[in-house]
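The values are calculated or read from the model by the stated rules, or taken from the named source; none is laboratory data. Every value quoted in this text rests on a predicted model; they were computed, and no experiment measured them. Cβ placement follows ideal geometry from the backbone for every residue including glycine, while neighbour counts extend to all protein chains displayed.
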Amino acid sequence: MHSYSLLAAAKINLYLEVVGDRPDGYHELVMVMQSIGLADRLTIRSLNSADIRLQCDHPQVPGDASNLAHRAAALLQNRFPQAMKQHGGVEITIQKNIPVGAGLAGGSADAAAVLVGVDMLWQLGLTQIELQTLGAELGSDVPFCISGGTAIATGRGEQIDSLQGIEQFYVVLAKYSSLTISTPWAYQAYRRAFAATYVDVNTAGQTRREALHSGPMVAAIYHQDGPDIGHHLHNDLEKVVLTQHAQVQALKDAMAASGGLGTLMSGSGPTVFTLAATRTEAEAIAAQVRSQLSDPDLELWVAPFVSTSVQFSP
């Protein structure tokens, strides 16, 4: 086999708590992540040269070494030079369905798919944990995007523990296509505003446990309780993003008023989502939001929760 086609799923944050500062300059986080059925399609082919070539149908996605998917291929090329010499370089083609700069980990999902695809293409036989360790060198979301499903992420987001799946739910996503928000800006703004509330990340034991608040969300997922999951949706970054971006606040208000189990901004935004119990309910919410906010710049999607992030596709 000299080519593979893969689907790389987007993710949403059902829960995001900023705990404190880490010695490496990142934030210590607790997040509950969920893969959704909105996915990019990647084709990965062998080349007869040592090149890495990348092309994407989205004009805002670079095709050079600044692209995380390109960097994923280069990482494997550097770590496994003999495999590259035996099997050749790779050509990566990305059909972009996940919106860019949306807080949905589209770039990380593509990088994860490249790690998985090249592993198969070069017959490396890497385990999921080995792939996640490599992925953590590329970005904090990449390890989750390799395993996917429902998981709690800690550390800077790269330490993944799977939770019981909740694939019965649907999500309505909304984003203004012309609006993007810088993830580094969001975390820096949060640090400036709330550093005084940070927990010492070196604290252990009961004191540290009492500082974290993710338990009710994890319990709601364990019990498959949709209304309770909706009730415990939480994202600390809303405190800085919504105050600076009135358009996102207004979108969240409109989404929340349209029904569903709960509404939240995903990641650093600007995507807002509403959790729904059924596809019918999700489609009705999407229609109501579209009717209320008749802006051609507003994009809406309906997607199911899914149990994996990277899937091989015919």
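At-a-glance table
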{"quantity": "Matching residues in segment 164-177 - criterion: being surrounded by fewer than 17 Cβ atoms within 10 Å (Cβ to Cβ) and more than 15 Å from Leu293 (Cα to Cα)", "calculated": "Gln164, Glu167, Gln168"}
{"quantity": "Residue match in segment 120-130 (condition: touching a residue at least 60 places away in the same chain (Cβ under 8 Å) and surrounded by 20 or more Cβ atoms within 10 Å (Cβ to Cβ))", "calculated": "yes"}
{"quantity": "Failed condition for Glu137, given (1) assigned by TED's automatic domain parsing to the domain that holds Gln77; (2) at pLDDT 95 or above; (3) acidic (Asp, Glu); (4) surrounded by 18 or more Cβ atoms within 10 Å (Cβ to Cβ)", "calculated": "(4)"}
{"quantity": "Counted residues, segment 1-37 - those being surrounded by fewer than 22 Cβ atoms within 10 Å (Cβ to Cβ), small (Gly, Ala, Ser) and more than 24 Å from Ala195 (Cα to Cα)", "calculated": "3"}
{"quantity": "Residue identified as small (Gly, Ala, Ser) and outside the structural domain of Ser214 (by TED's automatic domain parsing) among Ser266, Ser258, Ser313, Ser291", "calculated": "Ser313"}
{"quantity": "Residue within segment 152-161 that is in a strand (DSSP E or B) and without any contact (Cβ under 8 Å) to a residue 24 or more places away in the chain present", "calculated": "yes"}
{"quantity": "Flag if Asp236 is acidic (Asp, Glu), modelled with pLDDT of 95 or more and not assigned by TED's automatic domain parsing to the domain that holds Leu7", "calculated": "yes"}
{"quantity": "Any pair with Cβ under 9 angstrom, 6 or more apart, that starts in segment 187-200 at a residue that is assigned by TED's automatic domain parsing to the domain that holds Asn235 and under 7 Å from Gly20 (Cα atoms) and ends at one that is outside any helix (DSSP H, G or I) and of a type in the set (Gly, Ala, Ser)", "calculated": "Tyr198/Gly20; Val199/Gly20; Asp200/Gly20"}
{"quantity": "Enumeration of residues in segment 78-98 that are modelled with pLDDT under 95, at negative phi and touching a strand residue (DSSP E or B) at 6+ places or on another chain (Cβ under 9 Å)", "calculated": "Met84, His87, Gly89"}
{"quantity": "Options Ala113, Ala109; residue that is more than 17 Å from Ile12 (Cα to Cα) and part of a helix (DSSP H, G or I)", "calculated": "Ala113"}
{"quantity": "Segments classed as strands (runs of 3 or more DSSP E), wholly inside segment 201-308, with at least 3 members that are surrounded by fewer than 22 Cβ atoms within 10 Å (Cβ to Cβ)", "calculated": "298-304"}
{"quantity": "Residue check for Asn97: of a type outside the set (Phe, Trp, Tyr), under 27 Å from Trp301 (Cα atoms), crowded, with 21+ Cβ neighbours inside 10 Å and assigned by TED's automatic domain parsing to the domain that holds Met33", "calculated": "no"}
{"quantity": "Number of the exception - Gly101 against (1) among the small types (Gly, Ala, Ser); (2) touching a residue at least 40 places away in the same chain (Cβ under 8 Å); (3) in contact with a strand residue (DSSP E or B) (Cβ under 8 Å, 6 or more places away or on another chain)", "calculated": "(3)"}
{"quantity": "Selection count where residues are over 13 Å from Leu115 (Cα atoms) and not in a strand (DSSP E or B), scope segment 139-151", "calculated": "4"}
{"quantity": "Residue count for segment 268-303, restricted to those that are touching a helix residue (DSSP H, G or I) at 6+ places or on another chain (Cβ under 7 Å) and of a type outside the set (A, V, I, L, M, F, W, C)", "calculated": "5"}
{"quantity": "Criterion: charged (D, E, K, R), in contact with a Lys or Arg (Cβ under 9 Å, 6 or more places away or on another chain) and over 19 Å from Gly117 (Cβ atoms) - qualifying residue of Arg22, Arg41", "calculated": "Arg22"}
